[in-house]
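Asker: Okay, here's the structure, questions in a sec.
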Amino acid sequence: MKIAVYLPDDYSLPCPLGEEAWRHTFIHSLEQSESGRSQVVTFAKLPEYVEVALQVIGESVRIPGSWATVNGQRMSSLVALWNRVDCYRQSLAVADKPAFCASQVGTLRAKLNCSVELCSAPCQFLCRQCTPIGSHPPTAMVHPEAQVLAVLGEIDWCPNLRRPAHL
């Protein structure tokens with residue numbers, strides 16, 4: 001997974017990126033586009049440096065005109081990206097990733113008082129009422145519709161979403 005944060009050229013890099021000790025955790029470049037010149041901070045060594053990436057994403061939220069991509073796909077917001085990467089970071093501490101993801105779905109369903117009894121969403125960022133996975137295992141992304149929901153939920157990049165080899 002590769003996360004890139006785009007900052008307006010006239011802003012300084014968020015801390016900790018200004019610290020020399022963190023220079024090996026990211027690639028810094030300048031990019032010219034039709035909307036102007038941007039600084040691009042790319043994190044390709046994830047999950048190893050996920051904590052630094054989260055801190056930079058969080059600090060970049062306050063910089064007007066900042067935005068991000070994951071594997072080249074633009075995210076709707078830095079807040080959405082931070083939430084998804086933080087969930088991924090939390091999953092790194094557990095051995096059973098599908099069970100962790102299912103527990104996150106269960107927690108969200110309880111908070112929202114969701115009444116869908118046979119919820120089969122494999123991720124909290126997927127619409128629980130619209131996931132057409134049916135009787136398949138809740139951690140499998142087996143239908144094209146489920147993959148579309150993962151893209152719309154901006155979580156299709158997550159290594160925790162299991163997909164059959166034939167997709």
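The values are calculated or read from the model by the stated rules, or taken from the named source; none is laboratory data. All values reported here derive from a predicted model rather than from experimental measurement. Cβ placement follows ideal geometry from the backbone for every residue including glycine, while neighbour counts extend to all protein chains displayed.
Asker: List every residue pair whose Cβ atoms sit under 8 Å apart, with the two residues 6 or more apart in sequence or on different chains, where the first one lies in segment 111-124 and is at pLDDT 65 or above and the second, anywhere, is in a loop (DSSP other than H, G, I, E, B) and basic (Lys, Arg).
Answerer: What qualifies is Cys114/Arg128; Val116/Arg128; Ala121/Arg128.
Asker: Could you tell me whether segment 82-98 includes any residue that is at pLDDT below 90 and either touching a Lys or Arg at 6+ places or on another chain (Cβ under 7 Å) or not basic (Lys, Arg) (or both)?
Answerer: yes
Asker: Okay, moving on. Kindly check whether there is at least one residue in segment 31-45 that is out of contact with any Phe, Trp or Tyr (no Cβ under 6 Å at 6 or more places or on another chain), modelled with pLDDT under 90 and hydrophobic (A, V, I, L, M, F, W, C).
Answerer: Yes, there is a match, as at least one residue in segment 31-45 is out of contact with any Phe, Trp or Tyr (no Cβ under 6 Å at 6 or more places or on another chain), modelled with pLDDT under 90 and hydrophobic (A, V, I, L, M, F, W, C).
Asker: Could we say that Val94 is buried (at least 18 other Cβ atoms within 10 Å of the Cβ) and touching a helix residue (DSSP H, G or I) at 6+ places or on another chain (Cβ under 9 Å) here?
Answerer: Against the criterion (buried (at least 18 other Cβ atoms within 10 Å of the Cβ) and touching a helix residue (DSSP H, G or I) at 6+ places or on another chain (Cβ under 9 Å)), Val94 does not qualify.
Asker: Continuing with the same structure: If a residue has to be of a type in the set (Ser, Thr, Tyr), in contact with a helix residue (DSSP H, G or I) (Cβ under 8 Å, 6 or more places away or on another chain) and part of a loop (DSSP other than H, G, I, E, B) to count, how many in segment 58-86 make the cut?
Answerer: Within segment 58-86, residues that are of a type in the set (Ser, Thr, Tyr), in contact with a helix residue (DSSP H, G or I) (Cβ under 8 Å, 6 or more places away or on another chain) and part of a loop (DSSP other than H, G, I, E, B) number 1.
Asker: Could I ask something else about it? Within the set of pairs 6+ apart or on separate chains, which have a first residue in segment 150-167 that is at pLDDT below 85, a second that is surrounded by 14 or more Cβ atoms within 10 Å (Cβ to Cβ) and among the charged types (D, E, K, R), and C-beta atoms under 7 Å apart?
Answerer: Matching pairs, first to second residue: Ala150/Asp156.
Asker: Still on this structure, I have one more. Only residues that are part of a loop (DSSP other than H, G, I, E, B) and surrounded by 14 or more Cβ atoms within 10 Å (Cβ to Cβ): list them for segment 22-43, please.
Answerer: Listed by number, the list holds a single entry, Phe26.
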